[in-house]
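The values are calculated or read from the model by the stated rules, or taken from the named source; none is laboratory data. Just so we're clear, the structure is a prediction, and the values are computed from it rather than from any experiment. Neighbour counts run over all protein chains shown; Cβ positions are idealised from the backbone, glycine included.
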Amino acid sequence: MDDVSVIICVYTEDRWDDLLAAVDSALKQSLPPAEVIVVVDHNPRLLLRLRARMAGTEGVTVLANARTRGLSGGRNTGLARARSGIVAFLDDDAVAERDWLRWFADGFAEPEVMGVGGLTVPVWASGRRPGWYPEEFDWVHGATYRGMPTGRARVRNVLGGNAAFRRSAFDVAGEFSPGIGRGADAGRTGRAMRPLGGEETELCIRIHQHRPGSVFLFDDRSVIHHKVPAERERFGYFRTRCWAEGLSKAQVAGSVGVGDGLSTERHYASRTLPAGILRGLGEAARGDYTGLARAGAIVSGGLTTLGGYAFGRCRQRLRPTGRRIP
């Protein structure tokens with residue numbers, strides 16, 4: 001069994017306590033990691049504070065993002081330092097259960113497996129899921145959503161905040177694309193304008209295109225608990241994130257092709273979302289009127305995501321040189 005390196009990317013001191021909890025959970029795995037690499041994204045103050053805090057902590061390395069600002073640049077910085085055959089990624093505001101890495105490593109028993117993703121459980125700041133919030137849209141805050149498989153199953157791509165990759169896959173297909181994902185639209189202020197995503201989707205598809213026969217797995221035994229702050233429980237953020245996801249899907253489709261880039265999304269839009277709408281209406285008919293709100297949120301989220309995608313594709317056609325969407 002290959003050793004596992006864990007990479008955690010951070011950018012703000014606002015998540016200080018969450019970050020320390022994430023690192024602690026990585027260090028206390030039943031399958032101990034070979035190393036934990038924390039990458040700080042262009043925040044010198046946080047870098048100094050974190051290096052002081054982690055000084056003398058065995059197995060933890062703190063690095064400055066040496067690449068393009070944003071999550072992809074941070075992950076690529078960590079990859080360049082990682083020395084293990086398997087590289088796992090953990091969000092900085094998430095806590096991994098004790099067997100998280102053990103089940104990841106177990107998934108790589110077959111040589112064709114290039115990546116394994118796990119179950120991400122949302123931890124709501126308010127203490128419980130808002131009544132209007134449909135489980136079909138838990139991807140908005142990086143969690144496992146209704147419509148994903150259960151147990152261990154093949155998937156097109158993993159979700160990047162709770163995933164592991166075979167190191168050799170990056171040698172074949174390259175690193176995370178710096179033009180896609182969170183922070184890719186950061187301007188001179190260094191602040192991202194939109195909560196973009198999709199860099200792990202694009203990477204998984206690119207790996208498969210470079211190495212046909214590659215397999216990606218979802219294993220719901222590799223569990224993390226991911227915090228959802230209060231501001232992300234609001235409908236305004238929900239709508240903003242859906243629009244950004246549409247833009248991200250347009251970027252992915254432009255990079256790897258519409259056929260591969262939207263294969264999973266077609267099933268989601270044609271099966272998962274209609275089933276969710278009917279479920280919500282049925283719950284409302286039985287007296288649970290929050291079901292009507294959930295059905296409405298599914299319609300709104302779906303149309304907003306579609307609008308973002310259409311807008312993104314139009315911008316690509318107007319800018320055939322390959323410049324990124326502003």
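Miscellaneous remarks
- Among the residues of segment 86-129, those identified as among the small types (Gly, Ala, Ser), out of contact with any Gly (no Cβ under 8 Å at 6 or more places or on another chain) and crowded, with 17+ Cβ neighbours inside 10 Å are ALA88, ALA96, ALA105, GLY107, GLY115, GLY117, GLY118.
- When each of GLY254, GLY259, GLY246, GLY301 is tested for being under 16 Å from THR201 (Cα atoms), touching a Phe, Trp or Tyr at 6+ places or on another chain (Cβ under 9 Å) and not hydrophobic (A, V, I, L, M, F, W, C), the lone residue that passes is GLY246.
- Scanning segment 134-172 for residues being more than 22 Å from THR305 (Cβ to Cβ) and of a type in the set (Phe, Trp, Tyr) gives a total of 2.
- When residues in segment 4-42 are screened for being within 14 Å of VAL87 (Cα to Cα), out of contact with any Leu (no Cβ under 7 Å at 6 or more places or on another chain) and either assigned to a helix (DSSP H, G or I) or among the polar types (S, T, N, Q) (or both), 1 of them pass.
- Only residues that are of a type in the set (Phe, Trp, Tyr) and either within 17 Å of CYS242 (Cα to Cα) or in a helix (DSSP H, G or I) (or both) were counted across segment 273-314, and they come to 2.
- Among the numbered conditions (1) assigned to a helix (DSSP H, G or I); (2) modelled with pLDDT of 95 or more; (3) within 22 Å of the chain's Cα centre (by Cα), the only one that SER270 does not meet is (3).
- ASP138 meets the stated requirement of being surrounded by 19 or more Cβ atoms within 10 Å (Cβ to Cβ), touching a Pro at 6+ places or on another chain (Cβ under 9 Å), of a type in the set (Asp, Glu) and modelled with pLDDT of 95 or more.
- Residue ID - farthest from VAL155 (Cα to Cα), chosen from residues in segment 274-292 that are in contact (Cβ under 8 Å) with a residue 24 or more places away in the chain and buried (at least 21 other Cβ atoms within 10 Å of the Cβ): GLY280
Yes/no matrix, rows are residues, columns are (1) in contact with a Phe, Trp or Tyr (Cβ under 9 Å, 6 or more places away or on another chain); (2) at pLDDT below 95; (3) under 20 Å from PHE165 (Cα atoms); (4) of a type outside the set (A, V, I, L, M, F, W, C):
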| residue | (1), (2), (3), (4) |
| --- | --- |
| TYR11 | no, no, no, yes |
| LEU19 | no, no, no, no |
| ALA22 | no, no, yes, no |
| LEU27 | no, no, yes, no |
| ALA52 | no, no, no, no |
| VAL87 | yes, no, yes, no |
| ASP106 | no, no, yes, yes |
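- Any hit, segment 235-242, residues being under 29 Å from GLY107 (Cβ atoms), part of a helix (DSSP H, G or I), among the basic types (Lys, Arg) and free of Cβ contacts under 8 Å to residues at least 12 places away in the same chain: no
- Taking segment 54-96 and the strands (runs of 3 or more DSSP E) fully enclosed by it, the elements with 1 or more residues that are under 18 Å from LEU203 (Cβ atoms) are at 86-90.
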